[in-house]
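Peer 1: Here it is: the structure, laid out below.
Please treat every number below as a calculation from the coordinates, not as lab data. All figures in this text were calculated on a predicted structure; none of them were measured in a lab. Neighbour counts run over all protein chains shown; Cβ positions are idealised from the backbone, glycine included.
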Amino acid sequence: MITFYPGPSKVYPQVASYAVEAVNQGIVSLNHRSAGFMDIIKETVRLLHEKLAIPADYHIALVSSATECWEIVAQSLTAESSLHPHNGAFGEKWAEYAYRIKPPASLSEADVLCIVQNETSNGTQVSMETLAQFRRDFSALIAVDAVSSMAGIALDWSLADVWFASVQKCFGLPAGLAVLIYSPAALKRATEIGENAHYNSLLFIHENFSKFQTPYTPNGLGIYLLMRVLQQLPPIALVAAGTKKRAADWYTFFEREMSASPFSLLINDAAVRSDTVIAVQGAENDVSAIKKAALQKGIMLGNGYGDWKNTTFRIANFPAITDEEIGTLTQFLGSFQ
């Protein structure tokens, strides 16, 4: 089965051998306070800085999921309230989660701006230029959900204080782990707020990761797999160039090769189209038919999500997907018209 599902999505084929390696070498049985496991965390953090070009003064921690990161931002970094401008289902969900923890007394006093950089539900993204404008206009902290873009495109880390992503998309890994990146300003804010009542309070997380430890027994296998995948990856600039070229090819394909089909791109404005998730719309019966036909050919398309559940399908444009697999899908789509 070739999967283009936008998360969990295809894992790098080397992950299977890395997992066997972790079992055979006893890595999955290491105590998470042991020197051996601390070395794995240290190397993983080093590689994240190196391969993703994360500034040296930005801190990195590993947690369970991006949803947990929503919680961390709300409980540890929000003093009064948070702002959540959004244009899709995941931005809306983040706001709902945040407001359960920190009900917005007055949005005019918001001290955290929360942005979903890549909205997986509808295939849109916030460009670095737009994020730079937010940075100029908003004086407090900015937190960015980069679940469907981190490790797939180049991000300007200076434009936000908190970045996070689960690994089951552009990192090409199984679900169950997330990367949390936070600036000195974010750490200062956490210290000022002083929230330390939870196992995943940012201050407690930071205290542990400063020693290359975790505040709880972690997904040790996931961390090891992340380290091994990072070792094989080229620098993000090279990965991003490939992602953007593929995205441009996908959009050209639908605008030209599929113009006579019952399908069209969901997002008309090219300036806000995602580089990593392509959303395609059509009548409900046509969308259902093409997904079924694809499965019969051994191809899994992504379902629609939220308001677009029944009238769209989505195509992941993640680095682990090969050019050959993309060729197989384009050939199928072209023959379906």
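Peer 1: Between the helical axis of 14-24 and the dominant principal axis of the chain, each derived from Cα atoms, what acute angle in degrees is found, rounded to the nearest 10?
Peer 2: Its long axis makes an angle of about 40 degrees.
Peer 1: While we're on this one: Output the antiparallel fraction of DSSP beta bridges having both residues in region 142-245, as a percent to the nearest 5.
Peer 2: Working: 5 of 9 bridges.
About 55 percent, rounded to the nearest 5.
Peer 1: Using only alpha carbon pairs under 8 Å that are at least six residues apart, calculate the relative contact order of region 1-141 and give it in whole percent.
Peer 2: Normalised by residue count, the contact order of region 1-141 is 16 percent.
Peer 1: Count the DSSP beta bridges whose two residues both fall in the chain, then state the antiparallel fraction as a percent rounded to the nearest 5.
Peer 2: If we restrict to bridges inside the chain, about 65 percent are antiparallel.
Peer 1: So, one more: For the chain, take the longest principal axis of its alpha carbons; what is the angle in degrees between that and the long axis of helix 184-193, to the nearest 10 within 0 to 90?
Peer 2: In the chain, helix 184-193 runs at an angle near 60 degrees to the longest axis.
Peer 1: A further question follows. Once a ≥ b ≥ c are taken as the square roots of the eigenvalues of the Cα gyration tensor of the chain, is the result rounded (a/c under 1.5), prolate (a/b larger than b/c) or oblate (a/b not larger than b/c)?
Peer 2: Since a/c reaches 1.5 but b/c is at least a/b, the shape of the chain is classed as oblate.
Peer 1: Calculate the FRET efficiency for A283 and Y99 from the Cβ-Cβ distance with a Förster distance of 41 Å, rounded to the nearest 0.05.
Peer 2: 0.70
Peer 1: Separate question: Per DSSP helix of 4 or more residues, -39500 (n - 2.57); summed, then divided by the residues of the chain. What does that give at 222 nm, rounded to the nearest 500?
Peer 2: Only helices count here, giving -12500 deg cm²/dmol.
Peer 1: Residue separation times 0.36 nm, minus the C-alpha to C-alpha distance between E109 and Q232: what's the value?
Peer 2: Taking E109 through Q232 to full extension adds about 39.8 nm, to one decimal.
Peer 1: Using alpha carbons only, how many degrees (0 to 90, rounded to 10) separate the axis of helix 89-101 from the longest principal axis of the chain?
Peer 2: 20
Peer 1: Another question about this same structure. Dipole magnitude of the chain about its Cα centre, charges +1 at Lys/Arg Cβ and -1 at Asp/Glu Cβ only, in debye to the nearest 20?
Peer 2: Charge dipole of the chain: 640 debye, to the nearest 20.
Peer 1: Over 28 Å between C-alpha atoms is what I'm after, so list which of K10/K188; K169/K292; K51/K188; K10/K244 land there.
Peer 2: K10/K188
Peer 1: Do any chymotrypsin sites (Phe, Trp or Tyr not before Pro) in region 130-217 lie in a DSSP loop with no more than 10 other beta carbon atoms within 10 Å, and if so, which?
Peer 2: Listed in order of number, the matching sites are Y199.
Peer 1: Still on this structure, I have one more. Before anything else, pin down the relative contact order of region 14-232: Cα pairs under 8 Å, at least 6 apart, normalised by residue count, whole percent.
Peer 2: 28
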